[in-house]
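Colleague: Before anything else, here's the structure in question.
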Number of protein chains: 2
Amino acid sequence: MPRKSKEDIAAIYKQMQEYICQMLEAGDGKGTFKGDLWTRAEGGGGDTRIFQNGAIIEKGGVAFSAVHGPTPLKISEKLKLESGNFFATGVSIVLHPFSPRVPIIHMNIRYFEMEDGTHWFGGGIDLTPHYIVPEDATYFHQRLKETCDAFDLSYYPKFKNWADDYFFIKHRQETRGVGGIFYDRLSATSDTHFQEILDFSLALGKLFPEIYSYFMKKNAALPYGPEQTAWQGLRRGRYVEFNLVWDAGTKFGLDTNGRTESILMSMPPLAEWSYQQEPEAGSPEAFTLAHLKKEIDWLTYTT
Amino acid sequence: MPRKSKEDIAAIYKQMQEYICQMLEAGDGKGTFKGDLWTRAEGGGGDTRIFQNGAIIEKGGVAFSAVHGPTPLKISEKLKLESGNFFATGVSIVLHPFSPRVPIIHMNIRYFEMEDGTHWFGGGIDLTPHYIVPEDATYFHQRLKETCDAFDLSYYPKFKNWADDYFFIKHRQETRGVGGIFYDRLSATSDTHFQEILDFSLALGKLFPEIYSYFMKKNAALPYGPEQTAWQGLRRGRYVEFNLVWDAGTKFGLDTNGRTESILMSMPPLAEWSYQQEPEAGSPEAFTLAHLKKEIDWLTYTT
């Protein structure tokens, strides 16, 4: 089978966006996505689907883009590439639920190609519970491991550690959540291998709404009050801090005149900051803070 | 008169913090500052005063610090300095009011010295109204110009433009507010000049609570409703975006393991994001957006 072209991959990722949107609408049961088509002056564009009037999901989006043109200097410098034309396509998702009992989730799959044939895949899924519940974290990592293992047994351990390092709020010395998987610059050594990596990204795309529907179904009806909502506000503030200070994709997009509204689709509807808020010892909030650490093996975790 | 030592300057700035805190407590009429002393492992420390239980000011702080020690590599690289010991002291303020009718304000004065005698002063004041009111912006700039003019007629025009460039949210192509003044690396050519620049920073310190008390008194009782509060939330979101993405001081502090809570004292109590929120034509919100631009001469502004 010949290698899929970059246009094929863009078309496949566009279908994946469509699929994910349908599945999330079904999972939420009330809200719908509204598309916002945009074009990029230098070449390409995208379709940012914004979730509206949800029952469980308060704010979020599923963004598709396929952009191309002369490689911006900032990109070629940062990625240490020769000059020439680039092509990049991908699907990015962030969902913020109403309930502090339902986790924030993020997913991204992407493909990058230079006109000289240099290419790679990247992506990841990570989970940010406002309250860490070990059985949920275990479920999440098990599903990721299963999906990784179907392709390459080295993927899960490698990509799990990579996520721990990537989704890290350095100035707080906290992970963003319970991690997940993250990979980048995964290049093919053969046509078969190329198809495998592409299929791996599609498997993650399919897994994503399944996982999130599971959490919506399991946790959306759990009770909570103003105390939990206040904590959610602070955790959302940390999410903002990570995305604006440390997230390479966000910084990069804002630095290279990307489409601001699509990039900042990841912002929560509301975020709070208070000075030196410290949870009471023994509280679920303190438990959460204590588990926002790298190198927790959620597969074998026991309290 | 011999030049003030760096320790003298730190002591004078500490007194200035005290003075500003007292004046702001008087202006608010209800809230009080609570001190939070901290030390820096490598040398020095600070006293972050956090405002609590205010009537007009919802969240804010007046932070003093005086730090020293071997110059961190990131600092010497960025500032193009020889290695050796550094000393830095200053006062930083950000105030977020409850009412969307009262502006957010920021002030900073600082002094930096290397052990080889290289030294400079820096600082600035800028105003971020949730709703731009031309007469308020004119008052603000007039007071800044008067203070600048008492020292050097070149200061106001130069530092006003510098503020326009500095307090700019590049990814939104919006200024943070109506600007103000900003200056950096102002070095003395003689002992007299040194004292003048120090006095200039102290004049700004004294001016600051006067200006903010004026706005508190003038605007805190003006009516507003949920629509104005919603707009305030979005403007506060832009404040977060500026501080976390573009503010050199914030980025630098977070990058060099500064004291996170003190650095992020500038965060609003609450911030909101919604997708592509665009104000109605002819609304006060649209007027504000249209005036978040560089190079507006607020001294001569007429509608």
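Colleague: Would you check if there is a residue in the range A:199-209 being within 30 Å of A:Ile12 (Cβ to Cβ), assigned to a helix (DSSP H, G or I), within 14 Å of chain B (Cβ to nearest Cβ) and out of contact with any helix residue (DSSP H, G or I) (no Cβ under 9 Å at 6 or more places or on another chain)?
Modeller: First pass over the range A:199-209, keeping only residues within 30 Å of A:Ile12 (Cβ to Cβ): A:199-209.
If we keep only those that are assigned to a helix (DSSP H, G or I) too, we end up with A:199-209.
Now drop any that are not within 14 Å of chain B (Cβ to nearest Cβ), which leaves none.
Among the residues of the range A:199-209, not one is within 30 Å of A:Ile12 (Cβ to Cβ), assigned to a helix (DSSP H, G or I), within 14 Å of chain B (Cβ to nearest Cβ) and out of contact with any helix residue (DSSP H, G or I) (no Cβ under 9 Å at 6 or more places or on another chain), which makes the answer no.
Colleague: Looking at this structure, is B:Arg185 more than 14 Å from every other protein chain (Cβ to nearest Cβ), of a type in the set (Lys, Arg) and over 22 Å from A:Asn257 (Cβ atoms)?
Modeller: On the way: more than 14 Å from every other protein chain (Cβ to nearest Cβ): yes; of a type in the set (Lys, Arg): yes; over 22 Å from A:Asn257 (Cβ atoms): yes.
Taking the combined requirement at face value, the residue satisfies it.
Colleague: What do you reckon, is A:Leu79 in contact with a Lys or Arg (Cβ under 9 Å, 6 or more places away or on another chain), closer than 30 Å to A:Gly31 by Cα and not hydroxyl-bearing (Ser, Thr, Tyr)? Before the answer, list the steps.
Modeller: Numbers: in contact with a Lys or Arg (Cβ under 9 Å, 6 or more places away or on another chain): yes; closer than 30 Å to A:Gly31 by Cα: no; not hydroxyl-bearing (Ser, Thr, Tyr): yes.
Spelling it out, it is not the case that A:Leu79 is in contact with a Lys or Arg (Cβ under 9 Å, 6 or more places away or on another chain), closer than 30 Å to A:Gly31 by Cα and not hydroxyl-bearing (Ser, Thr, Tyr).
Colleague: Mind listing whichever residues of the range A:267-285 are within 9 Å of chain B (Cβ to nearest Cβ), at pLDDT 90 or above and either over 18 Å from the mean Cα position of the chain (by Cα) or assigned to a helix (DSSP H, G or I) (or both)? So that I can check it myself, show each step before the final result.
Modeller: Looking only at the range A:267-285, we keep the residues that are within 9 Å of chain B (Cβ to nearest Cβ), and these are A:267-276.
Next cut, at pLDDT 90 or above only: A:267-275.
Passing the criteria: A:Leu270, A:Ala271, A:Glu272, A:Trp273, A:Ser274, A:Tyr275.
Colleague: Would you point out the residue of the range B:178-193, among those that are in contact (Cβ under 8 Å) with a residue 12 or more places away in the chain and part of a loop (DSSP other than H, G, I, E, B), that is farthest from B:Leu289 (Cα to Cα)?
Modeller: If we take residues in the range B:178-193 being in contact (Cβ under 8 Å) with a residue 12 or more places away in the chain and part of a loop (DSSP other than H, G, I, E, B), then B:Ala188 is farthest from B:Leu289 (Cα to Cα).
Colleague: Right, here's the next one. So, A:Phe86, is that one aromatic (Phe, Trp, Tyr), over 30 Å from A:Leu222 (Cα atoms), over 16 Å from the mean Cα position of the chain (by Cα) and surrounded by 15 or more Cβ atoms within 10 Å (Cβ to Cβ) or not? Write out each step before concluding.
Modeller: Values: aromatic (Phe, Trp, Tyr): yes; over 30 Å from A:Leu222 (Cα atoms): yes; over 16 Å from the mean Cα position of the chain (by Cα): yes; surrounded by 15 or more Cβ atoms within 10 Å (Cβ to Cβ): yes.
Judged against the criteria, A:Phe86 is a match.
Colleague: Which of the residues that make up the range A:238-261 are among the acidic types (Asp, Glu) and without any contact (Cβ under 8 Å) to a residue 24 or more places away in the chain? Walk me through it before giving the result.
Modeller: Restricting attention to the range A:238-261, the residues satisfying the condition of being among the acidic types (Asp, Glu) are A:241, A:247, A:255, A:261.
Result: A:Asp247, single match.
Colleague: Go through the residues of the range B:137-147 one by one and say whether even a single one is buried (at least 19 other Cβ atoms within 10 Å of the Cβ) and over 30 Å from B:Pro223 (Cα atoms). It would help to see each step written out before you state the result.
Modeller: If we filter the range B:137-147 for residues that are buried (at least 19 other Cβ atoms within 10 Å of the Cβ), which is where we start, we get B:137, B:140-141, B:144-145, B:147.
Applying the additional criterion that residues be over 30 Å from B:Pro223 (Cα atoms) yields B:145, B:147.
So far as the range B:137-147 goes, yes, one or more of its residues are buried (at least 19 other Cβ atoms within 10 Å of the Cβ) and over 30 Å from B:Pro223 (Cα atoms).
Colleague: Looking at the range B:120-132, which of its residues are surrounded by 22 or more Cβ atoms within 10 Å (Cβ to Cβ) and either out of contact with any Ser or Thr (no Cβ under 8 Å at 6 or more places or on another chain) or free of Cβ contacts under 8 Å to residues at least 12 places away in the same chain (or both)?
Modeller: B:Gly124, B:Ile125, B:Asp126, B:Leu127, B:Thr128 - these are the residues of the range B:120-132 that are surrounded by 22 or more Cβ atoms within 10 Å (Cβ to Cβ) and either out of contact with any Ser or Thr (no Cβ under 8 Å at 6 or more places or on another chain) or free of Cβ contacts under 8 Å to residues at least 12 places away in the same chain (or both).
Colleague: Filter the range B:161-177 for residues that are part of a loop (DSSP other than H, G, I, E, B) and not aromatic (Phe, Trp, Tyr); which is nearest to the other protein chains (Cβ to nearest Cβ)?
Modeller: Narrowing the range B:161-177 to residues part of a loop (DSSP other than H, G, I, E, B): B:167, B:173, B:176-177.
If we keep only those that are not aromatic (Phe, Trp, Tyr) too, we end up with B:173, B:176-177.
Working: B:Gln173: 9, B:Arg176: 15, B:Gly177: 19 Å.
Taking the candidates together, the pick is B:Gln173.
Colleague: Continuing with the same structure: Condition check: part of a loop (DSSP other than H, G, I, E, B) and in contact (Cβ under 8 Å) with a residue 40 or more places away in the chain. Does A:Thr303 satisfy that?
Modeller: Numbers: part of a loop (DSSP other than H, G, I, E, B): yes; in contact (Cβ under 8 Å) with a residue 40 or more places away in the chain: yes.
Judged against the criteria, A:Thr303 is a match.
Colleague: Just to be sure I understand, how many residues within the range A:134-161 are within 19 Å of A:Ile211 (Cβ to Cβ) and touching a residue at least 24 places away in the same chain (Cβ under 8 Å)?
Modeller: Let us first name the residues in the range A:134-161 that are within 19 Å of A:Ile211 (Cβ to Cβ), namely A:134-151, A:155-156, A:159-160.
After this cut, where a residue has to be touching a residue at least 24 places away in the same chain (Cβ under 8 Å) as well, the list is A:134, A:136-145, A:147-148, A:150-151, A:155-156, A:159.
Adding up the residues that qualify gives 18.
Colleague: Sticking with this structure for a sec: Pairs needed: first member in the range B:83-103, touching a residue at least 40 places away in the same chain (Cβ under 8 Å); second member anywhere, assigned to a loop (DSSP other than H, G, I, E, B) and buried (at least 22 other Cβ atoms within 10 Å of the Cβ); C-beta distance under 6 Å; at least 6 residues apart or different chains.
Modeller: Hits for this filter: B:His96/B:Pro268; B:Pro97/B:Ile56; B:Pro100/B:His130; B:Pro103/B:Pro129.
Colleague: May I pose another question? I need the full set of residues from the range A:15-37 which are without any contact (Cβ under 8 Å) to a residue 60 or more places away in the chain and in a helix (DSSP H, G or I), in order please.
Modeller: A:Gln15, A:Glu18, A:Cys21, A:Gln22, A:Glu25
Colleague: What is the number of the single condition among (1) modelled with pLDDT under 95; (2) under 26 Å from A:Lys217 (Cα atoms) that A:Ile56 does not meet?
Modeller: (1)
Colleague: Assuming A:Thr250 fulfils every condition listed in (1) farther than 25 Å from A:Cys21 by Cβ; (2) surrounded by 18 or more Cβ atoms within 10 Å (Cβ to Cβ) apart from one, which condition is it?
Modeller: (1)
Colleague: Now, a different point. Considering only the range B:214-265, give the helices (runs of 4 or more DSSP H) lying wholly within it that have at least 2 residues that are under 25 Å from B:Ala55 (Cβ atoms) and either more than 8 Å from chain A (Cβ to nearest Cβ) or more than 20 Å from the chain's Cα centre (by Cα) (or both).
Modeller: Details: elements: B:226-241, B:248-255, B:260-263.
In the range B:214-265, the matching helices (runs of 4 or more DSSP H) lie at B:226-241.
Colleague: Let me confirm something: among A:Leu222, A:Leu244, which residue is surrounded by fewer than 14 Cβ atoms within 10 Å (Cβ to Cβ) and touching a Ser or Thr at 6+ places or on another chain (Cβ under 9 Å)? Give the steps one after another, and end with the answer.
Modeller: Details: A:Leu244 fails: surrounded by fewer than 14 Cβ atoms within 10 Å (Cβ to Cβ).
Step by step, each of A:Leu222, A:Leu244 is checked, and only A:Leu222 is surrounded by fewer than 14 Cβ atoms within 10 Å (Cβ to Cβ) and touching a Ser or Thr at 6+ places or on another chain (Cβ under 9 Å).
Colleague: I'm trying to understand the selection: among the residues of the range A:56-89, which are of a type in the set (A, V, I, L, M), touching a Gly at 6+ places or on another chain (Cβ under 9 Å), more than 14 Å from chain B (Cβ to nearest Cβ) and farther than 12 Å from A:Glu113 by Cβ?
Modeller: Restricting attention to the range A:56-89, the residues satisfying the condition of being of a type in the set (A, V, I, L, M) are A:56-57, A:62-63, A:66-67, A:73, A:75, A:79, A:81, A:88.
Within this subset, residues satisfying the condition of being touching a Gly at 6+ places or on another chain (Cβ under 9 Å) are A:56-57, A:63, A:66-67, A:88.
Still in the running and more than 14 Å from chain B (Cβ to nearest Cβ): A:56, A:66-67, A:88.
Once the filter is applied, which keeps residues that are of a type in the set (A, V, I, L, M), touching a Gly at 6+ places or on another chain (Cβ under 9 Å), more than 14 Å from chain B (Cβ to nearest Cβ) and farther than 12 Å from A:Glu113 by Cβ, the range A:56-89 yields only A:Ile56.
Colleague: Checking the conditions here, which among A:Thr147, A:Thr138 is more than 27 Å from A:Thr48 (Cα to Cα) and part of a helix (DSSP H, G or I)? Working first, answer last.
Modeller: Values: A:Thr147 fails: more than 27 Å from A:Thr48 (Cα to Cα).
The conditions single out A:Thr138.
Colleague: If the requirement is being at pLDDT 95 or above, surrounded by fewer than 16 Cβ atoms within 10 Å (Cβ to Cβ) and of a type outside the set (Phe, Trp, Tyr), which of these qualifies: A:Lys30, A:Lys78?
Modeller: Details: A:Lys78 fails: at pLDDT 95 or above.
Checking each option against the conditions leaves just A:Lys30.
Colleague: Assess whether B:Lys158 counts as being assigned to a helix (DSSP H, G or I), touching a strand residue (DSSP E or B) at 6+ places or on another chain (Cβ under 9 Å) and surrounded by fewer than 17 Cβ atoms within 10 Å (Cβ to Cβ).
Modeller: Answer is yes for this residue.
Colleague: Moving to a separate point now. What number of residues within the range A:253-295 are of a type in the set (Val, Ile, Thr) and buried (at least 20 other Cβ atoms within 10 Å of the Cβ)? Break it down stepwise before answering.
Modeller: Step one: filter the range A:253-295 for residues of a type in the set (Val, Ile, Thr), giving A:256, A:260, A:263, A:288.
Right, trim to buried (at least 20 other Cβ atoms within 10 Å of the Cβ) and you get A:263, A:288.
The qualifying residues number 2.
The values are calculated or read from the model by the stated rules, or taken from the named source; none is laboratory data. Bear in mind the structure is a predicted one, so any value in this text is a computation, not a measurement. Glycine also receives a Cβ, built like all others from the backbone with ideal geometry; neighbour counts cover every protein chain displayed.
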